[in-house]
1. Provide B:T21, A:T332, A:T52 in ascending order of the number of other Cβ atoms located within 10 Å of each residue's Cβ, fewest first.
2. Taking only DSSP H segments of four or more residues, each worth -39500 (n - 2.57), what value at 222 nm results for chain A once the sum is divided by all its residues, to the nearest 500 deg cm²/dmol?
3. What is the gain in length, in nm to one decimal, between A:R17 and A:A532 on full extension, counting 0.36 nm per residue of separation less the C-alpha to C-alpha distance?
4. With N residues in the range A:321-363, what two-decimal value do you get for its Cα radius of gyration over 2.2 N^0.38 Å?
5. Quick query: amide H of A:V210 versus all other amide H atoms, modeled in the peptide plane; which residues come in under 5 Å with a sequence gap of 5 or more or a different chain?
6. Name the residue from A:I108, A:Q163, A:L447 whose Cα lies farthest towards the positive end of the charge dipole of chain A, charges +1 on Cβ of Lys and Arg and -1 on Cβ of Asp and Glu.
7. Equivalent ellipsoid semi-axes for the range A:301-395, as square roots of 5 times the alpha carbon gyration tensor eigenvalues: give them largest first, rounded to whole Å.
8. Could you check the spin-label model distance between B:R163 and A:R35? Points 7 Å from the Cα along Cα→Cβ, value in nm.
Amino acid sequence: MSGTPLLSIRDLSVSYREKDDWSRVVHGVSLDVHRGEVVALVGESGSGKTTTAQSVIGLLPGNGRIDQGEIRLDGTDISRWPSRRLDAIRGARISLIPQDPGSALNPIRTIGAQVGEILKIHGWRDKKAIASRVVELLARVGLTEPELRARQYPHELSGGMKQRVLIAIAVALQPELIVADEPTSGLDVTVQRRILDLIDELRLEFGTSVLLVTHDLGVAADRAGRLVVMQGGRIQEEGPTAALIAAPRSAYARRLLADAPSLDMTVRRQPRPEPIRERDEADDFAVIVEDLTHDFPLADGGTFRAVDGISFRLRRGTTHALVGESGSGKTTTIRSIVGFEKPTAGRILVDGTDIAALHRADLRRFRRKIQLVYQNPFASLDPRQNVFEIIEEPLLNFDKREKDERRRSVESLLDRVGLSRTLLGRAPHALSGGQRQRVAIARALVLEPQVLVLDEAVSALDVTVQAQVLKLLDELQRDLGLTYLFVSHDLAVVRQIADSVSVLHRGRQVESGPVEQIFHAPTSSYTRDLLAAIPGRTGVERARTLSPGSDR
Amino acid sequence: MSRYLISRIGQALVVLWAAFTLSFVLLQALPGDAVLIKFLNPDFGLSQEQIADIRASYGADRSVTAQYLHALGNVLSGDFGYSIQAGVPVRQLLAENLPATLRLACLAFLAAVVLAFAVTLLSTFATFAWLRSAIQVLPSLFISLPVFWLGIMLIQIFSFRLRLVSVINPGPWEALILPVATIAVPISAPLAQILMRNLDAVAHQPFVTVARAKGASRAFAFWRHVLRNALLPTLAIAGVLFGELLAGAVVTETVFGLNGIGALTHKAVGNQDAAVLQAVVLFCAVAFVVITLFVDLASPLLDPRLRSKTGAPA
């Protein structure tokens, strides 16, 4: 449909105040969203995409201001409207689906009260009508037992259910525009797909336009008619999704496409050579897990089986991936392997030793062989230590070496992980996410372990940074002969780095085998669900049919 | 729930017993005792033998263990013994002094809450940024004022200079104004600090943004979503503040010459009147235990996350 676009942003610039300085984070952004259209605003953290979206709904943080430009809703510029006037259109004509459903609902008020509130704010007075509309909405977004849900509190619902509630709030008054700010980040892939399907379905039903803010090019490619790629507060490129993906014009969009694991299905990693021996010997494996079972006691006296009979073998110098969604038991499994938890049943051999038989001093020495890299590089580094102290600390715990020698080890590791020595004196907060994760990897390597357990180690990173860290891990494995246990919910990443995979679902191992077999011939229906939920497939298919020559 | 309550009451009894025993031991460890302090006074002109007889009549010559068991038995049967200094039952002393202190404490607590809210709201909603930051400094100032100094300053300023409040033969309510203010100011400070910090933290929570995105005005979002969430942690420090309240009462009643538990405690410490001190310690422990229990029982009513799980999905 041509004519006036529903949303038209013209030459928008936004600044944030820090102390007494204003720093501009959005520079002259212009874009249109037509009626019924989905436009995806794609970029990495710090690209200005969220700020742009917040400006549209008039909810910039307190230290933000619109310097110039127009935000026209159906032809009327609302960018200069006072907050009070915007209150009338927020919720009614423009609504928001926020990121992080975990903290987006008031913890001490019922679901029903929070959904009903938007109706109350916009003039509904009849309590019975509100209550029945709330139940209707909750049912519409696919929640079972909507009457019960209305009486429940947010902490009694799962992340996916909470996001459905937030969608119910967003569509309650059938707005013309929904701003969806990373609506599925932090959700499991299968849940993510169902949530995005729901948004699509409701959008079609109500004819709503969607401004979809996402860092995930795969999600954007699947769901949006048009893409707007942002970097450093500026639009790098925009265009119809299929055309942009098939033939990106800007260098930045090309890099983003190349780094997005979900879109690039070609395996760039050289698989590790198979041993020539005919029969496997126990010595070929760095870690052997046999029939691992772990029960947790419950408050009512019963037990909850978090891990139920998991077995796999980790061949030296290769990568085995544990894949599963939240609650699949992968965290408990790795905590048992590194010796933080005592399993209820089963056997774990690391480098030929049964860790159940180890006692305190032995367990400490054992920890040298196997080191962890955690998911969140922001939380796993002590903010009061500098880079040198962080990497040095494990050495101090184990052997008394001369200070010079320690410094040499730390410096050579810094070179190994591709960080400049000038960073040695820096505190973690002065580093980027990718640099921090490199520091965490260096800290794990300083004791020269045989096995690295990587717990969602690249999940919190932007795609280009993620690609660099994966490349680093690959090099380290080849050069040092390391063995990786790679834990992830992201199958696309797993395919790039792993040699073999175990798929976990509710504590059980539903599938295990070489990575290519799992991807091409999955035997369990759960694995097939997981594979189908990887975002970016439909978008890529569309692009490939559009320009067959561009298939790399 | 009832099982929880029973275990909590059991814990409370242990706490009370410990408070009683500890205070008994500490009082015994002090050199001298109340009988000696009172009757060694040369005005009585008593001989060593006579004092020894009096001590025997109070049971002060028996072994510590026997005294302890005797005192514990009496307390269990509701008998707190006699004040050696005043010569009346401790129970009577408590009954005479309790109402005045309760009135002072309740009014002071109320005033502290009002003051804390006023400071917090002004620091959040005041129109000018300089005014907001000026008000935000107040709690740190309040918390660092010593109670005795504040009391004397208030008398100096409001009674002697401005002559607004009379301190010589004041009316029953007039007499309370300055003592209440003296206790309220330092108690309001931690409340206001916690409230301000929580309001700021909660205001930046995503659910407040969601409420605003529904079209809620700033004020609506504040009253409906921010305030109640910010109030929850303040409840937890109520027990600690009650301790401050009692400490404040001791100083304030002394400075303002009021009768009450505070003044009674002050005198009893001076005279090593063990029975009175034991009773005051027990009274404070009971009050503490009751308030803490009340806070623990009230918290789940205000915060659904603290209620026991009702088959929620993981």
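Taken together, the values in this text are just the output of simple stated rules run on the coordinates, not laboratory data. Values in this document were obtained by computation on a predicted structure and should not be read as measured data. All Cβ positions, even for glycine, are placed from backbone atoms using ideal geometry, and neighbour counts span all protein chains on display.
1. Placing the least packed residue first, the sequence is B:T21, A:T332, A:T52.
2. -11000 deg cm²/dmol
3. Using 0.36 nm per residue and subtracting the Cα-Cα distance, I get 181.0 nm.
4. The range A:321-363 yields a ratio of 1.25.
5. Residues meeting the criterion, in which the H sits 1.01 Å from N, are A:E37, A:V38, A:V39, A:I178.
6. The listed residue farthest towards the positive side: A:I108.
7. Values for the range A:301-395, descending: 26, 18, 15 Å.
8. 8.0 nm
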